[in-house]
Amino acid sequence: MASLTPAEKYNIITRNLQEVLGKEQIESILAERDLNIYWGTAPTGKPHLGYFVAMTKIADFLQAGCHITILIADIHAFLDNMKAPMELVGKRAEYYTQLIKATLTSIGVPTDKLKFVLGSSYQLTAEYSLANLKLCSKTTERDAKKAGAEVVKQVDAPLLSGLIYPGMQALDEEFLGVDAQFGGVDQRKIFVFAEKMLPAIGYKKRSHLMNVMVPGLAGPKMSSSVADSKIDLLEAPEDVKRKLSKAFCEEGNITENGVLSFVKTVLFPLGSMNGKSPSFSILRSEKFGGDVTYTVYEDLENDFRDKKVHPGDLKKAVTDAVNNLLGPIRKWFDNDELRQLTEDAYPTPKPEVKAKPVKSNKPAANASLTVDVSRLDIRVARILEAKVHEANPNSYISTVDCGNGDVRTVVSGLAKYIPLAEMQNRLVCAVCNLKPGKFQGVLSSAMLLAGSSPDDSIVELLQPPAGLEAGDLIEFEGFAQADRSSPEKLNPKHLIFEKVSEEFKVSPEGLAQYKDLQFSTKNGPVGLKSLKEGRIR
Ligand SMILES: N[C@@H](Cc1ccc(O)cc1)C(=O)O
């Protein structure tokens, strides 16, 4: 490598980043020597495609002559609400190490120059423990909590371990002997905390480099709860295809588009690695405009906005690009040893032993004869994408996530009443135990509940309170819901839904009710956008 000037090194180190804290410090070090930098990752869930963003930066750091440490933060993995159970964390650390090496190798980064360090290899020493306790004695509970807010899982009864987490991440900078720490902008609060707290116990303040976050495929925000919003680095080609085909990518919509964001944050930066010029091609038949190659992301975005690039063609191109990227990683893992490691790190869940039916506290009457709301499995669900039914412009066909990876197709006659834009990526209430039925040729496997005004001029979907996830339950006080894990499928001939829904209504306050009971969720009652008084079907 021809020698680079400090300014050139600085530019390579910081390109494509979202934010840099401590620019002057980095520059003054580069004027004298190469930078020591580390990136830490806690071996929790299976790494997804977003990891490529960090990997391209590691390639940049290497190109700029940095000394790089990759910290496999095994202790952090269980400090964070046991995201990795104690008995699995060792295997997960091995799995992460292998996967990161495979991923780096797949994009042409030599891994022999990187130092891999396991957190537990130095975080259990007396020296580290003492430093940790010193830091604890200077940190308020409030500051520790704030620092971890975007990284540590937030729960109702926070554990002490989650409060120690940010401080230990700060200490790692000292104990790994680095000048700078690199991570996603989600780490920002921890980084700022580290800058404040290391000097408070007599250590040097470090610089911080932050990359952009990759949004999920399903919608504007990355959410592990939205089934299929993430693609695993070892995902099979057909699953990549399936997930991308379901991804939210509306024609002309460039603001909420996980697929475009992925091209922007991953594929383009990857293309420009090692001084290459990026290019991203969309192959399509002449009839649809022929092949196009983009060398600048913004050109693609403009064409998509102007509807010159169709979502289907974009998805196809991204699917191919992703499968090309993942090919070498799959190959790396395609041997008995790593297959076994994968199984040890993420054991396939054993089929649950069916618990004996718990006696319900309801009268012993034959449960299947009672016709009330307990017969319905009503859940919070998320519409991932909706489109107009080709055969019937009054209907929408939606892909609906009903929780736990249960994604269904639903036909609903709402197109006259609800704009298509309001049908995208939103929470709804879905009845999930109706027998699937064909509507205008399409099999529909759930029903979206909507309220309507007495004259039917206004129809609105039921709107669960914010913060819920697909699969969360709708409950009615005093009615034990049918077994939600394997609810009875209602036979349409028995008209159970029809009979029960006669008792549904929209209250004068605009709340959804069964008799006088709210549709309750753990975040409060279900309401409607504007409708007050009406029916629900
Ligand atoms: N906080 C990082 C993991 C990490 C842990 C310890 C560190 O020192 C650095 C990074 C994450 O969210 O994945």
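Numbers below:
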read-out: Any hit, the range 384-396, residues being on the phi > 0 side of the Ramachandran plot and touching a Leu at 6+ places or on another chain (Cβ under 8 Å); value: no
read-out: Total residues in the range 92-119, condition within 16 Å of the ligand (Cβ to nearest atom) and among the small types (G, A, S); value: 2
read-out: Filter result for A512 (open to solvent by 50 Å² or more (accessible area, probe 1.4 Å) and at pLDDT 90 or above); value: no
read-out: K529, sole failed condition from (1) part of a loop (DSSP other than H, G, I, E, B); (2) touching a Cys at 6+ places or on another chain (Cβ under 8 Å); value: (2)
read-out: Residues of the range 162-194 satisfying the condition of being more than 11 Å from the ligand (Cβ to nearest atom), open to solvent by less than 30 Å² (accessible area, probe 1.4 Å) and either more than 27 Å from I58 (Cβ to Cβ) or touching a strand residue (DSSP E or B) at 6+ places or on another chain (Cβ under 8 Å) (or both); value: G162, D179, A180, V185
read-out: Positions within the range 493-504 being open to solvent by 70 Å² or more (accessible area, probe 1.4 Å), without any contact (Cβ under 8 Å) to a residue 60 or more places away in the chain and within 28 Å of S453 (Cβ to Cβ), in sequence order; value: L495, E498, E502
read-out: Test for D74: is it more than 16 Å from the ligand (Cβ to nearest atom) and open to solvent by less than 30 Å² (accessible area, probe 1.4 Å); value: no
read-out: When residues of the range 240-260 are limited to those that are at pLDDT below 90 and more than 17 Å from K316 (Cβ to Cβ), the one surrounded by the most Cβ atoms within 10 Å (Cβ to Cβ); value: E256
read-out: Residues within the range 367-404 that are open to solvent by 40 Å² or more (accessible area, probe 1.4 Å) and more than 17 Å from H494 (Cβ to Cβ), tallied; value: 9
read-out: Lone unmet requirement of (1) in a helix (DSSP H, G or I); (2) at pLDDT below 95; (3) over 25 Å from K241 (Cα atoms) for A355; value: (1)
read-out: Condition met for A2 (modelled with pLDDT under 95 and away from the ligand (no atom under 16 Å from the Cβ)); value: yes
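The values are calculated or read from the model by the stated rules, or taken from the named source; none is laboratory data. The structure displayed is predicted, hence computed values, not measured ones. Positions of Cβ are backbone-derived with ideal geometry, glycine not excepted, and every protein chain shown enters the neighbour counts. Accessible surface areas use protein heavy atoms only, side chains included; no ligands, DNA or RNA. Shrake-Rupley method; radii C 1.70, N 1.55, O 1.52, S 1.80 Å.
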